[in-house]
Amino acid sequence: MLKIKDLHAEVEGVEILHGIDLEVNAGEVHAIMGPNGSGKSTLAKVLAGREGYRVTAGAVLFEGRNLLDMPPEERAREGIFLGFQYPVEIPGVSNMYFLKTALNAIRRHRGLDELDAIDFLALARQKMKLVEMDENLLNRAVNEGFSGGEKKRSEIFQMAVLEPKLAILDETDSGLDIDALKIVAQGVNAMRRPDRAMILVTHYQRLLNYIVPDVVHVLLDGRIVKSGGKELALELEEKGYGWVPNGAEKRQPVAR
Amino acid sequence: MANAPNIEELAGREYKYGFVTRIETETVPKGLNEEIIRMISAKKEEPEFMLEWRLQAYRHWITMKEPTWANVHYPPIDYQDIYYYAAPKLKSRPKSIDEVDPELLETYEKLGIPLRERELLAGVAVDAVFDSISVATTFKEKLAELGIIFCSFSEAVREHPDLVRRYLGSVVPYTDNFFAALNSAVFSDGSFCYIPRGVRCPMELSTYFRINAAQTGQFERTLIIADEGAYVSYLEGCTAPVRDENQLHAAVVELVALDNATIKYSTVQNWYPGDKEGRGGIYNFVTKRGKCLGVNSRISWTQVETGSAITWKYPSCILLGDNSTGEFYSVALTNNYQQADTGTKMIHIGRNTRSTIVSKGISAGHGQNTYRGLVKIMKGAQNARNFSRCDSLLIGDKCGAHTFPYIEVRNRTAQMEHEASTSKIGEEQIFYCQQRGIDAEAAVSMIVNGFCKEVFKELPMEFAVEAQKLLGVSLEGSVG
């Protein structure tokens, strides 16, 4: 589904990704772990097409098509979803309106009929249960005044409504207490499907207790230095990132 | 990254109403003097008191200086180089809409304001003002059955001189300011509306102002009186052709609300704003004021200002009656080189008077947007309350937002609340929308509409939809 080859990318003239190779197949859940500043979030933003993150070399294919040629909204319509580390507030725009607009843009792109308000509401209600979200949130403005936990739950709820092919969840576990973490993990697990892939970007192993990945990658200094099964995450937790070869000694702080 | 949006890249905008109607126009000679004023008054077959009033205003005006305190910049206006009266040539005054020149009817149709009886907008009565005169007023007879007078100002001067005499200048005297004095001297037409005691006006009343002739100023005057217990909702729309020159529009609006009366006044102002280099456009220098004369009366201003090269207006309320309420809800958008200095004055005189101010300024391109407001609590205004909220939204980094809130309190029991914020449409917000499948242009429109929501909900339904669309068009090209 996703093929990344020797991807180099820079932010404000500083190269952050120094050649990433990664292949994610349908049905798989990959975890990308690494310390702060290793380039995890940069990778997520490059895949989603954030302005200011410049690809200097390499290629990214999504379902055989050149992803880097597409503007961000087209990537989204093609089925890439980014769960934001810091979801953005949009005052005065209700979640309901926002998400209905988004879903219909995606449906149009795929040649499907647009949903009207009634059908959308029915769909939204059903999906809200996944993350035990209060229905009142639908009428509140996008992320405005939401607690950290509500924001993250809302991201998963949005994912459930938009039904992406590839979900990239950027530090979805950060800022969550254990109960919220469980609910979010539950929502994510419920969405695992043979035709859907997920990439979990995380700093801690904690999330992986609840969402068990097929593959774990360690990202250090803009490169994937080690890949393995789910046990790799536990090993990392125990021994720290310094344990990984070419790890600690080569690490350099990168502004984020 | 392909097609990444660049919110600093600004392009032109489309102005849909920029056409010119080819119609024979009769004007008075250029320039301003007593002779011209007598000519205008004679053309309108006015009674003597009206001419006297105009001349007094003119004599006062020539002693005044153009104000310079507003945060707007423009080359000096040559007041002798303007036509003060231009009207489509009519053989006789049309008695019904069927007698109105088809060219004119077509103009309004193009503007989305059908005037022919069979195509009338249900629930909205329209007075159509074209350059210096009113060309048609719809639903007049139907409203008359309820005792409501809705007609052109000229007709009111002829048919209802007592009402005009009693209230004209009672809210905005000709001595008030430079542009009000000028308007009082040369005003040519506008709308007049009287809602009798206890009547709730069953439809929206509206005036559609259209400037057509070149080098001509439009000076209209609106007077609305809501008698005891009456209610009226009034709408105003404005457009003008695309031209390289600047044209002056200096209007005066006076509202009077007696005991327990309510007037809701909504404006969607879309005068030609000039091109993207800042050439041409209307100078919109307007004095609007309402007087809550009676107890429990209420005056509410809602404005959506997207047009004009320069906007200078402060729809205000004088809260004279005890327990009266004044409201001001405003969205002002400046794109390209537009400038707006707008806001309100709330003068609390009566006891338990309340006022609410919600102002939303949006600046894009090189636009400069100023909120200027005064809340004044007089000595006798026991238990007065005010709530003010001024928010500014910036799109790109070449525009400006300025806020000048003045507060004067002379009574210790007053309660004042003031909130203000300035934010920038962030790339992060746009990216968030794009990542959900919404393109950048739609994202900006969505974010801006969200920002304006508190004001739009005050507009009558059809107008709210119109305003949202207008905002979308006005921002077209503000994302690259």
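Give me the net charge for the shell around residue A:6: Cβ to Cβ below 12 angstrom, other residues only, Lys and Arg +1, Asp and Glu -1. My count for the surroundings of residue A:6 gives +2.
Legend: calculated FRET efficiency, residue A:134 to residue B:197, from the Cβ-Cβ distance at R0 = 35 Å, rounded to 0.05, equals 0.10. Remark: the residue B:146-residue B:80 segment gains 19.3 nm on full extension, using 0.36 nm per residue and subtracting the alpha carbon distance.
Within a 10 angstrom radius of the beta carbon, how do B:362, B:62 rank from fewest other beta carbons to most? Each step should come with its number before you reach the end.
Numbers: B:362 29, B:62 13.
Least to most surrounded, the residues fall as B:62, B:362.
Counting every Cα pair in the range B:161-211, what percent are over 18 Å apart? Don't skip to the end; give the middle numbers.
Numbers: 619 of 1275 pairs.
Cα-Cα pairs in the range B:161-211 separated by more than 18 Å: 49 percent.
Using a simple charge model, +1 on the beta-carbon of Lys and Arg, -1 on the beta-carbon of Asp and Glu, nothing else, what dipole does chain B show about its Cα centre, in debye to the nearest 20? Walk me through the intermediate numbers first.
Values: 52 positive and 60 negative charges, 282 e Å.
It comes to approximately 1360 debye.
Think of it as helices only: each DSSP H run of n ≥ 4 in chain A is worth -39500 (n - 2.57), and spread over all residues that comes to -10000 deg cm²/dmol at 222 nm.
Work out the FRET efficiency for residue B:277 and residue A:122 from their Cβ-Cβ distance, taking R0 = 45 Å, and round it to the nearest 0.05.
On the way: r = 51 Å, r/R0 = 1.13.
It comes to 0.35.
When Rg and the Kirkwood radius Rh are both evaluated on Cα atoms of the range A:2-250, their ratio Rg/Rh stands at 0.96.
The alpha carbon gyration tensor of the protein assembly as shown gives principal lengths a ≥ b ≥ c with a/c of 1.5 or higher and a/b greater than b/c, which makes the shape prolate.
As a footprinting exposure proxy, order B:43, A:40 by other Cβ within 10 Å, with the fewest listed first.
On the way: B:43 16, A:40 24.
Sorted ascending by nearby Cβ count, the order is B:43, A:40.
Site pair residue B:242 and residue A:59 shows an inter-label distance of 4.6 nm when each label is modelled 7 Å from Cα along Cα→Cβ.
First check a/c for the range A:76-209, with a ≥ b ≥ c the square roots of the eigenvalues of its C-alpha gyration tensor; if it is under 1.5, answer rounded, and if not, answer prolate when a/b is larger than b/c or oblate otherwise.
On the way: a/c = 1.76, a/b = 1.26, b/c = 1.39.
Oblate, since a/c reaches 1.5 and b/c is not below a/b.
Applying 1/(1 + (r/R0)^6) with R0 = 51 Å to the Cβ-Cβ distance of residue B:423 and residue B:38 gives a FRET efficiency near 0.45.
Of the residues B:184, B:388, the one with the fewest other Cβ atoms within 10 Å heads the list, and the complete ranking is B:388, B:184.
Which of rounded, prolate or oblate describes the range A:131-183 when judged by the alpha-carbon gyration tensor and an a/c cut-off of 1.5? Oblate shape, in that a/c is at least 1.5 and b/c is the bigger or equal ratio.
Calculated mean residue ellipticity, 222 nm, chain B: -6000 deg cm²/dmol, from DSSP H runs (n ≥ 4) at -39500 (n - 2.57) each, averaged per residue and rounded to 500.
Taking the inverse of the mean 1/r over every pair of distinct Cα atoms in the range B:25-428 gives a Kirkwood hydrodynamic radius of 21.5 Å. Across the options B:416, B:381, B:369, the greatest Cα extent toward the positive end of the charge dipole of the range B:326-448 (unit charges at beta carbon of Lys, Arg, Asp, Glu) belongs to B:381.
No lab work stands behind these numbers, since they all come straight from the coordinates. Keep in mind it's a predicted model, so treat the numbers as computed, not measured. Glycine gets a Cβ as well: all are built from the backbone with ideal geometry, and neighbour counts include every protein chain shown.
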